[in-house]
Amino acid sequence: MKSYKVIEFGQPLQRVDAPNPVPQGTEVLVRITASGVCHSDVHLWEGYFDLGGGKKAPTKGVAPPKALGHEIVGEVVALGPNASGAKIGDQRIVYPWIGCGNCWLCKAGDEHMCATPQTIGINKDGGFADHVLVPHPRYLFAYDNVPTELACTYACSGITAFSAVKKVQGMDGGKPILVMGAGGVGLMGVKFAKTILGQAPIVADIDEKKLELAKQAGASAVINPKNPDARKELAAISGGGVAACIDFVGAEASAAFGFNGLRTGGKLVIVGLFGGTFTQPVAMFPLTSRTVQGSMVGSPAEMAEMMQIVSAGKIEPVPLVKRSLDDADAALQDLRKGLIMGRAILIP
Ligand SMILES: [Zn+2]
Ligand SMILES: [Zn+2]
């Protein structure tokens, strides 16, 4: 088994060769066919998240040496003696946001919020490799006719966008919501919003090129918050305020623009990890009855629901940039420098 691991934070990934692991108990060994490189891999490799104001939070869980990579698709090649529900040759997406399995969150189906996570590609070796060990077949999801390289992206960017949109379902009154940020995950959010809410969202971004992409992805209107009249524009388009905003940027300015653009009782869902600090007068919360909710990836049940929608061909693909697994370190660096247009995918 070949993998590219973080040996030291902030230093080049190093190739590690080892015998293939033998699955024990309920474990499944998957031969990786494609693995996405996510922006959070850059933070995990650096060893911290930027909280703004010069503050940094260490990314917990990555204890080097560790193979990053949590967007994995592959073929089942070996099963532990108690692994039922999968068979050799199955082509599956790996759900990576695995919990301890014993706490009340895990028992309620919210493994992705577990306080002692066992995430593949963070706490456990992940997809920057040609094989990966998955603890149980229940974390394997079929992807039917979705192209293999595209399928892996649903394990993180897909489920992140899907779960955020699900958090505002039923509160939009049939009107467009606001999506902040038209990067890769934001564009997926536009597509899920159209499908799940039945209304194309309004999209805001400070990059005119990205607004163009948002229009192509079907945005009902686009706004550049740098425009001094942007607040008024949003109020005019939304009839006094949107019911919900999903902030895929997660910066001080984007969160403030989204929050201030809400109607009474509206909800801001923050997904992005750009960083910074967002302040509001405390009295604004009761006076406007607004909610601010964070959203990080999604649950196994959401994964299953999303894959039904994706397999039915209801979500158009995002652009992919294919690289060899041997280019893992270069791909990570290119992503860090903003040189990758679309989703970088490693092919072993
Ligand atoms: Zn990710
Ligand atoms: Zn747990």
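Laboratory data are not the source of any read-out in this text; all were calculated from the coordinates shown. In this text, all values refer to a predicted model and were calculated from it rather than measured experimentally. Cβ placement follows ideal geometry from the backbone for every residue including glycine, while neighbour counts extend to all protein chains displayed.
Could you grab the relative contact order for the chain? Cα pairs under 8 Å, six or more apart, rounded to a whole percent.
For the chain, the relative contact order is 18 percent.
So how far apart, in nm, are the two label points at Ala57 and Phe285 if each is 7 Å from Cα heading toward Cβ?
1.7
Return the whole-Å distance between the Cα centroid of the stretch 266-303 and the Cα centroid of the stretch 319-348.
When both Cα centres are located, 30 Å separates them.
Only bridges with both residues in the chain count here: give the DSSP antiparallel percent, nearest 5.
Close to 55 percent.
Can you give the percent of C-alpha pairs in the stretch 159-294 whose distance is more than 27 Å?
That fraction is 8 percent.
How many angstrom lie between the Cα centre of the stretch 125-171 and the Cα centre of the stretch 1-26?
21
Starting from the Cα of Ala108, step 7 Å along the direction of its Cβ; do the same at Ile88; then give the gap between the two resulting points in nm.
4.2
If neighbour count is taken as other Cβ atoms inside 10 Å, put Arg263, Arg343 in order from fewest to most.
Ranking Arg263, Arg343 by Cβ neighbours within 10 Å, fewest first, gives Arg263, Arg343.
Output ³J(HN,Hα) for the stretch 200-216: one whole-Hz value per residue in order, computed from phi by the Karplus curve 6.51 cos²θ - 1.76 cosθ + 1.60 with θ = phi - 60°, and x for Gly and Pro.
Calculated HN-Hα couplings, in order: 5, x, 7, 10, 10, 7, 8, 10, 4, 5, 5, 5, 5, 4, 5, 4, 4 Hz.
Treat the chain as a sphere of radius equal to its Kirkwood radius over Cα pairs and apply Stokes-Einstein at 4 °C in a medium of 1.567 mPa s; give the translational diffusion coefficient in µm²/s, rounded to a whole number.
Rounded to a whole number, D works out at 63 µm²/s.
Under 13 Å from a point placed 7 Å out from the Cα of Thr264 along the Cα-to-Cβ direction: which residues of the stretch 207-243 have their backbone N that close?
241
Consider a paramagnetic label point 7 Å from the Cα of Val77 along Cα→Cβ; state which residues of the stretch 143-168 have an amide N under 19 Å from it.
The answer is 148-149, 152.
For the chain, take the longest principal axis of its alpha carbons; what is the angle in degrees between that and the long axis of helix 300-311, to the nearest 10 within 0 to 90?
Rounded to the nearest ten degrees, it is 80.
May I ask for the angle, rounded to the nearest 10°, between helix 184-197 and the longest principal axis of the chain, with both axes built from Cα atoms and the value confined to 0 to 90°?
Here the helix axis deviates by roughly 70 degrees.
State which entries of Lys107/Lys215; Lys107/Lys175; Lys194/Lys322; Lys2/Lys314 exceed 32 angstrom in Cα-Cα distance in the structure shown.
Beyond 32 Å: Lys107/Lys215; Lys107/Lys175; Lys2/Lys314.
Check Lys322: other-chain or 5+ apart residues with amide H under 5 Å from its amide H, H built from backbone geometry?
Ile345
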